[in-house]
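J.: Here you go, one structure.
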Amino acid sequence: MSTEARAPGESPDLDQLLAAYKSAVENWITAIRNEEVLAVPDHSMRDWEVWDKAVLDEKDAGEKAAEARQAYEDALRKALLNF
């Protein structure tokens, strides 16, 4: 069982999974900001529908970030703890 830290570049698979996770989080942050921008005091049906779509996009992006985090954590467990 190895619990030693690994330097970037030593584990390309882990590096790739970490990069995918960071990218997914950035996409999620962008989706949150898009939703926030659309939460304006205009009460039209059209704007409500656009805002509602942004809410769904944010939830989807959050789920993708969670999945990417889980994939990275699973790979870390396997690489560092052998399970």
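The values are calculated or read from the model by the stated rules, or taken from the named source; none is laboratory data. This is a predicted model, so every value here is computed, not measured. Using ideal geometry, Cβ is built from the backbone for each residue, glycine included, and neighbour counts are taken over all protein chains shown.
J.: Conditions: (1) surrounded by fewer than 13 Cβ atoms within 10 Å (Cβ to Cβ); (2) without any contact (Cβ under 8 Å) to a residue 60 or more places away in the chain. Asp13 meets all but one. Number of the miss?
T.: Result: Asp13 fails condition (2) only.
J.: Against the definition (more than 16 Å from Leu18 (Cα to Cα), surrounded by 11 or more Cβ atoms within 10 Å (Cβ to Cβ), out of contact with any His (no Cβ under 8 Å at 6 or more places or on another chain) and modelled with pLDDT of 95 or more), how does Asp60 come out, yes or no?
T.: yes
J.: Shifting gears a bit: For segment 25-53, how many residues are aliphatic (A, V, I, L, M) and modelled with pLDDT under 95?
T.: Total satisfying the criteria: 6.
J.: When you go through Glu49, Glu63, Glu26, Glu73 one by one, which is the residue that is in a helix (DSSP H, G or I) and farther than 29 Å from Ser11 by Cα?
T.: Exactly one residue qualifies, and that residue is Glu49.
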